[in-house]
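What follows is calculated from the coordinates using simple rules that are stated; it is not laboratory data. Computed from a predicted structure; not experimentally measured. Reconstructed Cβ throughout: ideal geometry from the backbone, glycine too, with neighbour counts over all protein chains shown.
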Amino acid sequence: MSSDKPRSYLRVRDLSIERTQVLFSRATEIKSLLQSKQKITSLQGKQVVLFFSEASTRTKMSFQMAAQRLGAQCLMVDDMLSSSMSKGETFADTYWTLHALRPDLIVVRCDGDSPLDEVAEKTESPIINGGFGSLAHPTQALLDVFTLRENFSSLDGLRVLLVGDIDHSRVAASDIRLLKDLGAEVRICAPDVFNQKNSFGLENFTDLNKAIAWCQIYMGLRVQFERHGTDTNASLSKEQFVDRFSLSQERLKYLSSDAIIMHPGPVNWGIEFQEEVARDLRFRMWQQKENGVYVRAALMEALLKEKA
Ligand code: CP
């Protein structure tokens with residue numbers, strides 16, 4: 001159930017659909033203001049901590065950019081070798097240490113075993129989930145849907161295809177939830193070994209060419225080699241994956257001229273996408289990355305406004 005006044009944002013349903021739409025409107029305003037070099041000071045005097053115990057480029061930098069563009073100070077704990085986690089300090093102890101410094105907001109990226117829900121229950125600083133193991137990446141879902149809204153007049157019935165490593169993708173988990181809540185039709189094309197959970201009961205195309213012909217949005221997902229056990233690697237080789245699930249020049253001809261191609265990044269070039277995909281006019285990954293700043297800015301503003 002969506003909460004009417006969320007203090008933290010851990011999963012997409014922590015914002016009601018109505019509030020998500022308001023957030024998108026504000027993100028549009030912020031985009032327009034920042035693109036025309038106008039100053040926004042809505043977070044002046046605020047301090048935002050980015051606590052990233054897992055690697056990130058896009059999410060971390062777009063939160064930092066967003067916080068600073070809105071006038072906040074941004075502090076980071078993102079180098080696990082130089083933080084006291086390298087000496088064995090736990091995620092929870094590190095979180096409460098940062099919390100004790102009284103920041104206004106903490107953005108957290110962590111592995112799926114970290115007690116994110118437990119700290120969120122007790123925290124006095126709102127938390128934003130910046131990526132939680134394979135479980136959730138709600139701000140990626142927000143920026144993906146925001147990007148879709150810029151490309152399509154309505155999300156209702158929009159045919160979205162997610163391709164590849166569904167089970168290990170926190171982006172897939174959050175995108176599917178939000179897209180379905182907004183009325184999109186979501187299907188997947190994935191090897192069985194990457195779709196064992198099938199928690200949303202989505203139709204899984206066995207033939208990528210047919211899936212491409214069906215969709216209006218082709219969303220590639222990174223093959224998350226670092227999250228695979230040895231069994232997964234043994235049962236599906238890279239070559240087999242590329243043969244059946246890689247988007248290539250040859251396969252692009254099945255994609256409608258009105259369709260778009262997305263990927264949350266980072267891309268394993270030569271695996272999810274062959275390099276020619278980046279030159280296709282339907283490729284929207286750079287728009288997704290830029291939109292991350294505006295959507296995350298709108299979210300921080302909304303949470304801090306409620307806190308004030
Ligand atoms: N899409 C995404 O979350 O990228 P990063 O891991 O670089 O933040």
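Sort Asp280, Asp144, Asp165, Asp113 so that the residue with the fewest other Cβ atoms within 10 Å of its own Cβ comes first and the one with the most comes last.
Listed from fewest to most nearby Cβ atoms, that is Asp113, Asp280, Asp144, Asp165.
Work out from phi, with θ = phi - 60° and the Karplus expression 6.51 cos²θ - 1.76 cosθ + 1.60, the ³J(HN,Hα) of each residue of the range 236-241, listed in order in whole Hz, and give x for Gly and Pro.
Values per residue, Gly and Pro as x: 8, 7, 4, 4, 5, 4 Hz.
Classify the range 61-106 as rounded, prolate or oblate, taking a ≥ b ≥ c as the square roots of the eigenvalues of its Cα gyration tensor: rounded when a/c is under 1.5, otherwise prolate if a/b is larger than b/c and oblate if not.
oblate
Taking just the alpha-carbon atoms of the range 91-134, what radius of gyration and Dmax come out, in angstrom?
Both quantities, over Cα of the range 91-134: 9.7, 29 Å.
Calculate one ³J(HN,Hα) per residue across the range 61-68 by plugging θ = phi - 60° into the Karplus curve 6.51 cos²θ - 1.76 cosθ + 1.60, and present them in order as whole Hz with x for glycine and proline.
Running phi through 6.51 cos²θ - 1.76 cosθ + 1.60 with θ = phi - 60° gives 5, 6, 5, 5, 4, 5, 4, 5 Hz.
Val77's amide H: which non-local residues (gap 5+, or another chain) put their own amide H closer than 5 Å, with H modeled 1.01 Å from N in plane and none for Pro or chain starts?
Leu50, Phe51, Phe52
Using Cα pairs under 8 angstrom and six or more residues apart, how large is the relative contact order of the chain, in percent?
20 percent.
What does the convex hull of the alpha-carbon atoms of the range 187-308 project to on average, in nm²?
The number I arrive at for the range 187-308 is 9.6 nm².
Could you size up the charge dipole of the range 1-114 around its Cα centre, putting +1 on the beta carbon of Lys and Arg and -1 on that of Asp and Glu, and report it in debye to the nearest 20?
Charge dipole, the range 1-114, about its Cα centre: 600 debye, nearest 20.
Can you compute 3J(HN,Hα) from phi for each residue in the range 183-188, using the Karplus curve 6.51 cos²θ - 1.76 cosθ + 1.60 with θ = phi - 60°, rounded to whole Hz and x for Gly and Pro?
Working through the residues one at a time gives x, 6, 9, 10, 10, 10 Hz.
Under a GNM of the chain (C-alpha, springs under 10 Å), which listed residue has the highest mean-square fluctuation: Ser84, Ser56, Ser174?
Of Ser84, Ser56, Ser174, the most mobile in the Gaussian network model is Ser84.
Hey, what's the Kirkwood Rh for the range 245-284 if you take every pair of different alpha carbons, in angstrom?
10.3 Å
Which longest uninterrupted range of the chain lacks any trypsin sites (Lys or Arg not before Pro) assigned by DSSP to a loop state (not H, G, I, E or B) and surrounded by at most 14 other Cβ atoms within 10 Å?
That would be 40-196.
Can you list, bin by bin at 10 Å, the percent of alpha carbon pairs in the range 52-175, starting at 0?
11, 39, 33, 14, 3, 0
What ranking of Ile17, Ile166 emerges when the number of other C-beta atoms within 10 Å of each C-beta is taken as an exposure proxy, fewest first?
Ile17, Ile166
Given charges of +1 on the Cβ of Lys and Arg and -1 on the Cβ of Asp and Glu, with all other atoms neutral, how large is the dipole of the range 151-308 about its Cα centre, in debye to the nearest 20?
340 debye
Leaving out same-chain residues fewer than 8 places away, which lysines sit with a Cα under 20 Å from that of Lys180?
Reachable lysines: Lys197.
Once you keep just the Cα pairs under 8 angstrom separated by 6 or more residues, what percentage relative contact order results for the range 175-289?
It rounds to 27 percent for the range 175-289.
List the residues, sorted by chain then number, that are 5 or more residues from Gly130 or on another chain and whose placed amide H is less than 5 Å from its amide H.
The list, which skips near neighbours in sequence, is Val108, Arg109.
Rg and Dmax of the range 33-92 over Cα atoms: what are they, in angstrom?
Calculated on Cα positions, Rg and Dmax stand at 14.2, 46 Å.
Could you size up the charge dipole of the chain around its Cα centre, putting +1 on the beta carbon of Lys and Arg and -1 on that of Asp and Glu, and report it in debye to the nearest 20?
About 1020 debye.
Tell me, what is the percent relative contact order of the range 8-80, built from C-alpha pairs under 8 Å that lie six or more residues apart?
Answer for the range 8-80 is 32 percent.
Could you tell me the extents of the chain's C-alpha atoms along the three principal axes, largest first, rounded to whole Å?
Taking the Cα atoms of the chain, the three principal extents are 53, 45, 35 Å.
With each pseudo-label sitting 7 Å past Cα toward Cβ, what's the Ser82-Asp113 distance in nm, one decimal?
2.7 nm
How do Tyr254, Tyr9 line up, fewest other C-beta atoms within 10 Å first?
Placing the least packed residue first, the sequence is Tyr254, Tyr9.
Taking the dipole about the Cα centre of the range 13-141, with the C-beta of Lys and Arg at +1 and of Asp and Glu at -1, give me whichever of Ser32, Leu15, Gln47 is farthest to the positive side.
In the range 13-141, that residue is Ser32.
Could you tell me how far the Cα centroid of the range 37-56 sits from the Cα centroid of the range 239-265, in Å?
So the two Cα centres are separated by 35 Å.
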